[in-house]
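Working notes for the structure below.
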Amino acid sequence: MNNKIFHSAASLLAALAMLTSCSDYLDNVPKGEKIPTTLSDFTELMADEYTNHREDITQASILLNDRYVSQSYRSYYPLWKANYFWDTSIDRVKENKSDETTYYNGYAGISTANLILENVETATEATEEARAAAAAQARFLRASRYLTLVNFYCRPYNAATAATDGGVPVITSADVGAAYTQKSVQEVYDFILEDLTMAVSDLPEKSENVLYANKAAGYALLARTYLNMGNYTAALQNANEALSRNDTLYDWTAYYDEHKTAITSEGVYLSTESPMGHDWCENYYFCHGSNSYSGSEPQVSVWRAARFEQGDAMFASRWKLRTVGAETYYKGLLSGYYNKGGLTTTEMWLVKAECLAQQGDISQAMEIVNKVRAKHILPDHYQPWTATTEEEAVKAVIKVKCNALVQTIVPFMDRRRWNQDSRYAETFSKTEDGNDYSLAPDSYMWVMPFPQGAIDNPGNGSIKQNVDK
């Protein structure tokens, strides 16, 4: 599936780049290129995995220490070092000169969505139902990119301050040089909700493949969005809609048993195939994460590994302790594809669990927590967790969710949100290379700086940094 998607979309992107920037394009068609005219010409762009289906959140993973940073990278990339060691002496704004993938990949997806929305009504060879579905999938893509951008580069959503907190540029045109304004956090969230509310009714129950959103994906993204806003009633309602369409949980304990010899053999780091690819049973919607499209997962720090529950089959199946020279870390064991930028059933089960806990339904929340844990924790280590208070139940969700969704944007989104509540705020503390480090819940470092290239070349608008350094 992948090569066909890559090549068909790439050829259309080359043609469309000229279409959106040259008024006389139709009189100057490059030899061998195809003029996009049919609806399928445009919708094929949505399946381009190089641009629209990669969510690079490297710096968020590094800040959480979900990703280990080697000594060579720390020396070469001051930005990586600053986030990994929570080093406030380093000016991240000044050093953010090359880590631009999060920003530009996000806006590449937004541009694709805008292009489809601008052409969906006039494209040929389409039924009205197909046009509506295409528009809905484009709105979903746009909303998903904006949700990541506003959570990466802006302060976490707070109803009391969102209207004045600086947001991200909102662009609704695919034209090169289109004017835009940098909206507030509240305005960006309002835009996301408007897109998703319009989209979900027209999304198909079954899409062409996991690179195109269906109804379950639409509801899942709404659930994630409302949870980030602290609207537990709406988040629960939408999580239930997604789960009613797919509630399957992958069994990591069975995967561990199948590959136990390779996993447990001392000094052996054989790659096993990732189950988290395009056909993963948990998928609502597929999107690559920070790592390359096919390969091993980024290493995990020793400090972060210690925060996993004992007997976690998912962690043991994916990472193994390794020492190379003076460095010790957990090396990735899998190879293949990983749905780290998309939406899965595990996330929706845990969204539901937190919403129930926040609303006082402790027993059902813990039932879900243990349902997820039973697929992750080896039988010799598994014991059901209990909770008697809302706070205990939410903390149980926090522990499971941060681990189950490691190296995705979700733990970063959630930790920023939880840090605003004194019951769940946490100061990170670690000792590495003989030095002590800490990260406070109210640190400015929970907001990533816009890349310098975007500030210096803002196009037809202006961008103001949302963090001092």
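The values are calculated or read from the model by the stated rules, or taken from the named source; none is laboratory data. All values reported here derive from a predicted model rather than from experimental measurement. Here the Cβ positions follow ideal geometry from the backbone for every residue, glycine too, while neighbour counts run over all protein chains shown. Just the protein is used for accessible areas: all its heavy atoms, side chains included, with ligands, DNA and RNA removed. Shrake-Rupley method; radii C 1.70, N 1.55, O 1.52, S 1.80 Å.
Points worth noting:
- Test for residue 11: is it open to solvent by 40 Å² or more (accessible area, probe 1.4 Å), at pLDDT 90 or above and assigned to a helix (DSSP H, G or I): no
- Members of the stretch 231-243 that are open to solvent by 80 Å² or more (accessible area, probe 1.4 Å) and in contact (Cβ under 8 Å) with a residue 24 or more places away in the chain: 233
- The lone criterion from (1) part of a loop (DSSP other than H, G, I, E, B); (2) open to solvent by 70 Å² or more (accessible area, probe 1.4 Å) left unmet by residue 261 is number (1).
- Top-ranked residue in the stretch 157-171 [being of a type in the set (A, V, I, L, M), in contact with a Gly (Cβ under 9 Å, 6 or more places away or on another chain) and surrounded by 15 or more Cβ atoms within 10 Å (Cβ to Cβ); ranked as nearest to residue 142 (Cα to Cα)]: 171
- Checked across the stretch 428-436, the condition of being closer than 28 Å to residue 175 by Cβ and at pLDDT 95 or above holds for no residue.
- Among the residues of the stretch 429-441, the ones that are touching a residue at least 40 places away in the same chain (Cβ under 8 Å) and either buried (at least 18 other Cβ atoms within 10 Å of the Cβ) or of a type in the set (D, E, K, R) (or both) come to 3 in all.
- Among the residues of the stretch 341-355, some residue qualifies, meaning at least one is closer than 21 Å to residue 152 by Cβ, surrounded by 20 or more Cβ atoms within 10 Å (Cβ to Cβ) and among the β-branched types (Val, Ile, Thr).
- Against the test of being under 28 Å from residue 438 (Cβ atoms), among the β-branched types (Val, Ile, Thr) and either out of contact with any Leu (no Cβ under 9 Å at 6 or more places or on another chain) or crowded, with 17+ Cβ neighbours inside 10 Å (or both), the options 93, 120 yield a single qualifying residue, 93.
- Any hit, the stretch 289-310, residues being without any contact (Cβ under 8 Å) to a residue 40 or more places away in the chain, open to solvent by 10 Å² or more (accessible area, probe 1.4 Å), outside any helix (DSSP H, G or I) and not hydroxyl-bearing (Ser, Thr, Tyr): yes
- For the stretch 375-428, a residue qualifies if it is open to solvent by 10 Å² or more (accessible area, probe 1.4 Å), among the β-branched types (Val, Ile, Thr) and part of a loop (DSSP other than H, G, I, E, B), and the qualifying residues are 386, 388, 389, 408, 427.
- Residue check for residue 47: modelled with pLDDT under 90 and within 26 Å of the chain's Cα centre (by Cα): yes
- Cβ-Cβ distances below 6 Å connect the following pairs, each with a first residue in the stretch 154-170 that is basic (Lys, Arg), a second residue that is buried (at least 19 other Cβ atoms within 10 Å of the Cβ) and assigned to a loop (DSSP other than H, G, I, E, B), and a separation of six or more residues or different chains: 155/165; 155/447.
- The number of residues in the stretch 216-230 that are crowded, with 18+ Cβ neighbours inside 10 Å and either hydroxyl-bearing (Ser, Thr, Tyr) or not in a helix (DSSP H, G or I) (or both) comes to 4.
- With respect to the stated conditions, residue 223 is in contact (Cβ under 8 Å) with a residue 60 or more places away in the chain and within 21 Å of the chain's Cα centre (by Cα).
- The stretch 442-452, subset over 13 Å from residue 64 (Cβ atoms) and surrounded by 15 or more Cβ atoms within 10 Å (Cβ to Cβ), residue nearest to the chain's Cα centre (by Cα): 447
- From 360, 332, residue being surrounded by fewer than 20 Cβ atoms within 10 Å (Cβ to Cβ), free of Cβ contacts under 8 Å to residues at least 60 places away in the same chain and over 18 Å from the mean Cα position of the chain (by Cα): 360
- Here residue 190 meets each of (1) closer than 22 Å to residue 38 by Cα; (2) open to solvent by 50 Å² or more (accessible area, probe 1.4 Å); (3) not in a loop (DSSP other than H, G, I, E, B) with one exception, condition (1).
- Positions within the stretch 453-463 being open to solvent by 50 Å² or more (accessible area, probe 1.4 Å) and in a helix (DSSP H, G or I), in sequence order: 456
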